[in-house]
1. Taking the range 21-66 as the search range and keeping residues that are touching a residue at least 40 places away in the same chain (Cβ under 8 Å) and among the β-branched types (Val, Ile, Thr), which one is nearest to residue 321 (Cα to Cα)?
2. Conditions: (1) closer than 25 Å to residue 230 by Cα; (2) buried (at least 19 other Cβ atoms within 10 Å of the Cβ); (3) not β-branched (Val, Ile, Thr). Residue 127 meets all but one. Number of the miss?
3. Please go through the range 297-311 and give me each residue that is polar (S, T, N, Q) and in a loop (DSSP other than H, G, I, E, B), ordered by number.
4. From the list 154, 159, 171, which residue is touching a Ser or Thr at 6+ places or on another chain (Cβ under 6 Å) and either outside any loop (DSSP other than H, G, I, E, B) or of a type outside the set (Gly, Ala, Ser) (or both)?
5. For the range 318-333, check the following and say yes or no: at least one residue is at pLDDT 95 or above and farther than 30 Å from residue 4 by Cβ.
6. Residues 310, 304: which one is modelled with pLDDT under 95, surrounded by fewer than 15 Cβ atoms within 10 Å (Cβ to Cβ) and of a type in the set (Val, Ile, Thr)?
7. Residue by residue through the range 355-386, note down the ones that are assigned to a helix (DSSP H, G or I) and touching a Lys or Arg at 6+ places or on another chain (Cβ under 6 Å).
Amino acid sequence: MEKVRLGIIGIGAQGDAYAGFIAEGKVKNMVIGAICDIDPETKAMCAEKYPDVPFYNNYIDMLESGNVDAVVTTVPHYLHPQMGIDALKRNIHILLEKPAGVYTKQVRELNKFAATKPELTFAIMFNQRTNPLYIKLKEIIDNGEIGKIRRTNWIITTWWRPQGYYDQSAWRATWGGEGGGVLVNQAPHQIDLLQWICGMPKKVYSTVKYGYQRNIAVEDEVTTILDYGNGATGVFITCTHDFIGTDRFEILGDKGKIVVDDSKRITINRLKKSENEMNASMSWADACRIFEIGDMGEIYSEEVLEFESVWGAQHITVLENFAANIIEGTPLIAPGTDGINGVGFANAIHLSSWLGKEVELPVDEDLYFAELNKKIEEENKQLVLQ
């Protein structure tokens, strides 16, 4: 195979962006094999923009057409796992858009089936894993440069969305259509990065507000306390009603501290002695002297790294990596099986707020599914009353 013929299922904003990248020759070893969408207006648009690309209104027909080697699923979240299974059944490689699904039970079924098709490529669009800043951050943590993690704090509130955003489509911000709010739509990348870099928490306790500042059924405000099970703790905060927005990620270790601002700058403070060593050897008088003088150079060094990120480049890198894995066996940046981690993380946050108590991970899949269905039933009753 010289080039991967990619089928794009769903040609909304994201699908059209991918089609554009490929059509403009920006994605190495990939061409558009076919496009699928159920919207007649979309078909007319594609006929004009991509006149030589076959168009289907049924994705199974596209999978069986012989026109595609692989597909990407830029569709509502609930559909990702089943579409993934349907593609793999037909020996078609699959790239899932994030999140991998709405609940871990459906994602686990996909992962289990994918394991029976090891010759096929199964990946997920966690494009932030290609961001040089987060690659560097993971490298620092993995190398133990700030020692054992004691605490993580991430406030990511740069997701401001007006009511008009939610009113674009009936499925948006609904339990039955989208399966959640900011946790499943805007913040999955940060949830993935948090567990990818720092590991999965063992327990979460969350305060979540649903329809807090927007007329929606799902969450637009989240505060979660994390327990990593080894003494380390964390806080994760996100929302969609902060117009100013903050993106600040802190990781405290016993040998230093890292602060990431706006996903553009990393400040690394490396202690010359671990905090444990200083605690054991430093008198209160010595500590007072250091703080009075204010010169911390003898205590820790500081390094500041600046990064630039161009929108689209990260998506292109994942698409190229997906093609390279299919053609050459290049290791995947984000294996599809990793998608269950972020889904489980988000499920636990939801479940904790619904039950009003701390929840352990891995989440109780049957309990979560039952509680989610209650939300969907309540939502459907309200729609009928309206």
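The values are calculated or read from the model by the stated rules, or taken from the named source; none is laboratory data. Predicted model, so just to flag it, every value in this text is computed and none were measured. When we count neighbours, we look across all protein chains shown, and the Cβ atoms used for this are built from the backbone with ideal geometry, even at glycine.
1. 27
2. Of the numbered conditions (1) closer than 25 Å to residue 230 by Cα; (2) buried (at least 19 other Cβ atoms within 10 Å of the Cβ); (3) not β-branched (Val, Ile, Thr), the odd one out for residue 127 is (1).
3. Across the range 297-311, the qualifying residue is only 309.
4. 159
5. From the range 318-333, those at pLDDT 95 or above are 318-333; that's our starting set.
Those left that are additionally farther than 30 Å from residue 4 by Cβ: none.
Within the range 318-333, not a single residue is at pLDDT 95 or above and farther than 30 Å from residue 4 by Cβ.
6. None of the others qualify; the one that does is 310.
7. 365, 369
Yes or no, residue by residue, for (1) charged (D, E, K, R); (2) within 30 Å of residue 254 (Cβ to Cβ):
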{"residue": "48", "(1), (2)": "yes, no"}
{"residue": "93", "(1), (2)": "no, no"}
{"residue": "143", "(1), (2)": "no, yes"}
{"residue": "155", "(1), (2)": "no, yes"}
